Amino acid sequence: MSEILCITVTYSPGDTLETFVDSLAPNGFPPGRVLVVDNGSTDGAPEAVAASHDDVTLVRSPGNVGYGRAANLGTTMATDDERWFLICNPDVVATPRTIEALLAAARHDPRAGALGPRVVDPDGTVYPSARALPSIRTGIGHALLSGVWPSNPWTRRYQQRDVSKSADTSAVGWLSGAFLLLRREAFEQVGGFDPDFFMYFEDVDLGRRLAEAGWTNLFVPDAEVMHIGGESTARSADVMITAHHRSAHRYIAKTHPGPLWRPVVAAVGVGLAIRARLTIVAGHRRRA
């Protein structure tokens, strides 16, 4: 019996799901179990992959319940022997020995609650997957200036691109949920993903709560995955932009509670809503 349970959440993922599952084989996975928790796909991809792979189990969520809630559902189906959760997007490709490298780092550091690999785009560009936790000041600077001045100090402070490009294993504020090895003990101690985040920022929030509970978020560059991009996200760009900005506001509200912060949080919410609308309009103009 494997000690790792792999969980991927799908919503009409297309061919990316099979590519993802096939990339697990050079990592010795199977014999591990793979749960595909489906949020209401209509393309038939989850059913096809489950039918053609003996170690893939299809689990249907009650509907499109969001990423974190669906991932949490998958973790409730773990056996007693499965002490690690590998939670992944279906649009990544794991390079050989990625899981082995993550496990080795986890066993070396017993306080590592979450471990993430280097994430690269298909052209080889390193994605900043190991970041600092955002403050209001950093978040506002990043939101306002990242599109027109990508190298501004607030974006640099938040994205920590030098860390993601480094060859050194290092503790960070949070790790991208695209491919995340989680120590079951740590994940269950903090209550898993916050289901109030429908999509985006559930990984930021998890990293924050793990750190507050005394666990480490560990970036492991010896492990690497390629992010090939999801078909469902590409088809629903406007919805994803709106969801991202709403989740950002939810995160700020959650981390800055109380009446003194209420006017600031409200103002940030208005600013994020305007930014989301402007981003959508700009995208439509580029596609026109």
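Things worth noting here:
- When His245 is tested against the conditions (1) touching a residue at least 40 places away in the same chain (Cβ under 8 Å); (2) buried (at least 19 other Cβ atoms within 10 Å of the Cβ), the lone failure is (1).
- Selection within the range 141-156 - loosely packed, with under 15 Cβ neighbours inside 10 Å and closer than 17 Å to Val281 by Cβ: Gly147, Val148
- Scanning the range 2-33 for residues that are more than 18 Å from Gly229 (Cβ to Cβ), in contact with a Ser or Thr (Cβ under 7 Å, 6 or more places away or on another chain) and among the aliphatic types (A, V, I, L, M) yields a single hit, Ile7.
- Restricting the range 25-53 to residues that are in a helix (DSSP H, G or I) and at pLDDT below 95, the residue that is surrounded by the most Cβ atoms within 10 Å (Cβ to Cβ): Asn27
- A single entry from Ile274, Ile280 fulfils the requirement of being β-branched (Val, Ile, Thr) and either without any contact (Cβ under 8 Å) to a residue 12 or more places away in the chain or not in a helix (DSSP H, G or I) (or both): Ile274.
- Selection within the range 121-160 - hydrophobic (A, V, I, L, M, F, W, C) and outside any helix (DSSP H, G or I): Val126, Ala130, Ala132, Leu133, Val148, Trp149
- All positions within the range 76-98 that are touching a strand residue (DSSP E or B) at 6+ places or on another chain (Cβ under 7 Å) and under 12 Å from Leu5 (Cα atoms): Met77, Ala78, Glu82, Trp84, Phe85, Leu86, Ile87, Cys88
- Taken together, the criteria place Arg83 among residues that are within 20 Å of Leu218 (Cβ to Cβ), among the basic types (Lys, Arg) and either assigned by TED's automatic domain parsing to the domain that holds Arg131 or touching a Phe, Trp or Tyr at 6+ places or on another chain (Cβ under 7 Å) (or both).
- Residues located in the range 74-104, provided they are in a helix (DSSP H, G or I) and farther than 14 Å from Val34 by Cβ: Thr98, Glu100, Ala101, Leu102, Leu103, Ala104
- Every condition in (1) in contact with a Ser or Thr (Cβ under 7 Å, 6 or more places away or on another chain); (2) outside any helix (DSSP H, G or I); (3) not aromatic (Phe, Trp, Tyr) is met by Val163 except one, and the failing one is (2).
The values are calculated or read from the model by the stated rules, or taken from the named source; none is laboratory data. Remember, predicted model here, so these are calculated numbers, not experimental data. Cβ: placed from backbone, ideal geometry, glycine included. Neighbour counts: every protein chain shown.
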